[in-house]
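The values are calculated or read from the model by the stated rules, or taken from the named source; none is laboratory data. Keep in mind that this is a model prediction, so the values were computed, not measured. Ideal geometry is used to build each Cβ from the backbone, glycine not excepted, and the neighbour counts take in all protein chains shown.
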Ligand SMILES: [Zn+2]
């Protein structure tokens, strides 16, 4: 494939030809969820966008030559507060939230990353980085805390293009007495009794959020790697501070060569917020009749998301979901009629994707292929976007009329039994069989017994 991958780099504010440090080991890190609450639809955007990037890199460099790391933040003050609020243990909260998150991303048809490191498994690595930063003169301990000494880094602020003077002038927060400089940020802080904590050279405490990503990306991808991604809201302070920590600990000019950020998401023309009542989680979209009065397939969400270029803001509307659904129905109808084998990858489609992940352009190529009745090429290209993996029969409205309810119940029982036996391969297989029959499954925990229960409907 001759197409050259071009990516917009937030660090240089330019579109650049992508050249991996080692083409046999292309390395991608994306900031993952803080598991204190269900992921909302804004969180779904980086999941889907960077999944498409991951699939494209695998196509260009070979499956075995791409390593994708997306972390799980399971130590954070938001987690402590939420667990206390709900009267459950931190572990119960993070495990439960992570289980829902994993189900959400798989329903969105995102490939699992190669590694999903958890912050709490990397505490010793975090302590190691803090020790290096103190030894290098970039951090100091004070009053049970360790702080990053921001003025010690000459080019701090390079990613967000803010000068230290501007930042200090704009800061309205009261400065804690243990800080030397106003912008100095926490690497390590003391834990009170009852709060999660670990022994460290600075006493019993826990890491700051930024430090977690520096430790996990270093452990799994090295001191300098190819691409770091996340939402645009993470540029400052999170990514700026990750860069400061990693570069000052290991002494390189960059942490990652390319920094990619997806744009904001709003809902029906308004900023999404709990107070406006337009806050919608992935789980609600997929399983509840909340958005537009109905539940939606994960694939519909995915196509609706990819219709906008990842750097543009996106307006999440019922209308856009309906349009995406109609498109998928048309495409699946073509697959049903033609029963294609995956064909060659259309060049114009790959070129669009290589043009800084121009997914709207790639989707218009899919429309062209569908219009020309080229089912083989449509299937192959759509699969690269994580689309059209479903059984076309599941999209056949007529097929759902004659579902054998007794057979469905029997398969659901079998699936629950497989789950209890922790045979997840089998339970996933049975789920696919049921979905293929046109059945929509809804899993919920019985509040009294704590057992998982499944209800279903014709989907
Ligand atoms: Zn991060």
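Points to keep in mind about this one:
- The one condition in (1) within 13 Å of the ligand (Cβ to nearest atom); (2) over 17 Å from residue 76 (Cβ atoms) that residue 209 fails to fulfil: (2)
- In the condition set (1) free of Cβ contacts under 8 Å to residues at least 40 places away in the same chain; (2) within 30 Å of residue 10 (Cα to Cα), residue 294 is compliant with all but (2).
- Of the residues contained in region 335-354, none is found to be at positive phi and either touching a residue at least 60 places away in the same chain (Cβ under 8 Å) or in a helix (DSSP H, G or I) (or both).
- Filter result for residue 44 (under 30 Å from residue 348 (Cα atoms), surrounded by fewer than 20 Cβ atoms within 10 Å (Cβ to Cβ), in contact (Cβ under 8 Å) with a residue 12 or more places away in the chain and touching a helix residue (DSSP H, G or I) at 6+ places or on another chain (Cβ under 7 Å)): no
- Listed by position, the helices (runs of 4 or more DSSP H) inside region 1-120 whose residues that are within 19 Å of residue 212 (Cβ to Cβ) and within 16 Å of the ligand (Cβ to nearest atom) number at least 2 are 41-61, 77-86.
- Of the helices (runs of 4 or more DSSP H) that lie entirely inside region 193-298, those containing 2 or more residues that are on the phi < 0 side of the Ramachandran plot and not assigned by TED's automatic domain parsing to the domain that holds residue 77 span 282-287.
- Residues of region 445-459 classified as in contact with a helix residue (DSSP H, G or I) (Cβ under 9 Å, 6 or more places away or on another chain) and either modelled with pLDDT of 85 or more or over 26 Å from residue 395 (Cβ atoms) (or both), total: 5
To keep it simple, each residue is scored yes or no on (1) within 20 Å of the chain's Cα centre (by Cα); (2) more than 15 Å from the ligand (Cβ to nearest atom); (3) surrounded by fewer than 21 Cβ atoms within 10 Å (Cβ to Cβ).
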position	(1), (2), (3)
244	no, no, no
249	no, yes, no
254	no, yes, yes
275	no, yes, yes
279	yes, yes, yes
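- Filter result for residue 366 (touching a residue at least 40 places away in the same chain (Cβ under 8 Å) and either part of a helix (DSSP H, G or I) or crowded, with 17+ Cβ neighbours inside 10 Å (or both)): no
- Qualifying position, being within 18 Å of the chain's Cα centre (by Cα) and crowded, with 16+ Cβ neighbours inside 10 Å, among 198, 209: 209
- Checking each residue in region 219-231 for being in contact (Cβ under 8 Å) with a residue 60 or more places away in the chain and either over 22 Å from residue 266 (Cα atoms) or more than 11 Å from the ligand (Cβ to nearest atom) (or both) picks out 219, 220, 221, 222, 224, 225, 226, 227, 228.
- Single condition residue 291 does not satisfy, out of (1) buried (at least 20 other Cβ atoms within 10 Å of the Cβ); (2) farther than 22 Å from residue 103 by Cα: (2)
- So residue 8, is it surrounded by 15 or more Cβ atoms within 10 Å (Cβ to Cβ), on the phi < 0 side of the Ramachandran plot and outside the structural domain of residue 258 (by TED's automatic domain parsing): yes
- Some residue of region 140-156 being out of contact with any helix residue (DSSP H, G or I) (no Cβ under 7 Å at 6 or more places or on another chain), under 22 Å from residue 219 (Cβ atoms) and part of a loop (DSSP other than H, G, I, E, B): no
- Residue match in region 175-191 (condition: away from the ligand (no atom under 16 Å from the Cβ), within 28 Å of the chain's Cα centre (by Cα), in a loop (DSSP other than H, G, I, E, B) and modelled with pLDDT under 95): no
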